[in-house]
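Below is one structure, written out as structure tokens; comments come after it.
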Amino acid sequence: MAANKHDDSVIEASKAIVASLPPMKDLTTDNITENVHAINSQTPDPRLKYLLDRLVVHLHELARETRLSTDEWMAGIMFLTSVGQICTDVRQEFILLSDVLGLSLLVDSIDHPKPPNSTEGTVLGPFHTHEAPHSTLGSDISSDPDGEPCLVVCTLKDVSGKPIEGAKIDVWETDSKGFYDVQYQERDGPDGRAVLTSDKNGDFFFKAIVPVPYPIPHDGPVGKLLKLLKRHPYRPSHMHFMFAKDGFDPLITALYLRNDPFESSDAVFGVKDSLVVDLGKVNAEQAKKYGVKEGSALIEYDFVLVTDQEAQELREKKAMEAMKAQGRKMKMWKGLPIPDLD
Ligand SMILES: [Fe+2]
């Protein structure tokens, strides 16, 4: 067996770092935080430095405020370990954890602020994949024979009402039993999902099935956590949409059905009133135009995207307001706030 040998260049670089830092010994509950900050502050990236500073401050405060026990710390470590271990190419337990803690919705709201006249965003969820086929408008995205057929007819415009042509639109939903395609061990390929392109009028339409409520995966660590907290795992009936078009802020959103039993208690906090729709019925003209049965289920919605520039300006404005309210002297760097130390 070859003898182990550490890389000599690493020890030399490490000694140089030590020389530039104050001595760090006998650290206490009172001074550990500032010392970790000092050693992390060597990065030339001001945003990384700021994020790590705040992460360590809040982690340390959590421990100090709660008098965190070693057993609880270890339980937390083991919990995060199990969250990682259950992840696969098609199962994303960390996103699920972020979702049930409300972090996903919070980050989306911060990073993609919407002016009042545009479509609100919501959680991506753990079931978006990149394997959906490009489909032509009017395609049927679901092969589930038990699902209630549902025609979906939408428009896509900018805030001035101008149609947006050629946007890439991902749509995805569960089958009638409340499972996404990726939740089936033996599956032939993508189902209940498609990628569409808006036409010259900004219109897009497809055939799907009426969404149903479903529980988020609760056979893993996140499910165990919900049980401990006496929380239910259900999401109200919804259909996901994701829009991408050069020059526009990406929009991740969903439409929810009104009067769903879980409309006001979504396990991942995604429901917004502006995204709740009434399930309609296809009229005779639509039946003829789209080749579906008159009287069958119908979802109609007009989506509005904001431009990159509009989103960036609003994001910066809100960031500076938030920093001012916190009493911090900040400046923007590459579109994100960092401490203003000058
Ligand atoms: Fe979903």
(request) Could you look through the stretch 161-216, keep only residues that are exposed (fewer than 15 other Cβ atoms within 10 Å of the Cβ) and within 16 Å of the ligand (Cβ to nearest atom), and pick out the one that is farthest from Leu255 (Cα to Cα)? (result) Tyr184
(request) Report whether or not Ser41 is open to solvent by less than 80 Å² (accessible area, probe 1.4 Å) and under 25 Å from the mean Cα position of the chain (by Cα). (result) no
(request) With respect to Ala322, determine if the residue is under 28 Å from Val100 (Cβ atoms), in contact with a Lys or Arg (Cβ under 6 Å, 6 or more places away or on another chain) and open to solvent by 40 Å² or more (accessible area, probe 1.4 Å). (result) no
(message) With the requirement that a residue be within 23 Å of Lys224 (Cα to Cα) and either of a type in the set (Ser, Thr, Tyr) or within 16 Å of the ligand (Cβ to nearest atom) (or both), what does the stretch 101-127 give you?
(response) Ser104, Leu105, Val123, Leu124, Gly125, Pro126, Phe127
(request) Name every residue in the stretch 99-115 that is open to solvent by 40 Å² or more (accessible area, probe 1.4 Å) and either without any contact (Cβ under 8 Å) to a residue 12 or more places away in the chain or in a helix (DSSP H, G or I) (or both), in order of residue number. (result) Leu101, Leu103, Leu106, Val107, Ser109, Ile110, Asp111
(message) Going by what's in this entry, would Ala244 be described as away from the ligand (no atom under 14 Å from the Cβ) and open to solvent by less than 40 Å² (accessible area, probe 1.4 Å)?
(response) no
(request) Considering each of Val271, Val222 in turn, give the residue that is part of a helix (DSSP H, G or I) and surrounded by 19 or more Cβ atoms within 10 Å (Cβ to Cβ). (result) Val222
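The values are calculated or read from the model by the stated rules, or taken from the named source; none is laboratory data. Predicted model, so just to flag it, every value in this text is computed and none were measured. Glycine also receives a Cβ, built like all others from the backbone with ideal geometry; neighbour counts cover every protein chain displayed. Side chains included, ligands, DNA and RNA excluded: accessible areas come from the protein's heavy atoms. Shrake-Rupley method; radii C 1.70, N 1.55, O 1.52, S 1.80 Å.
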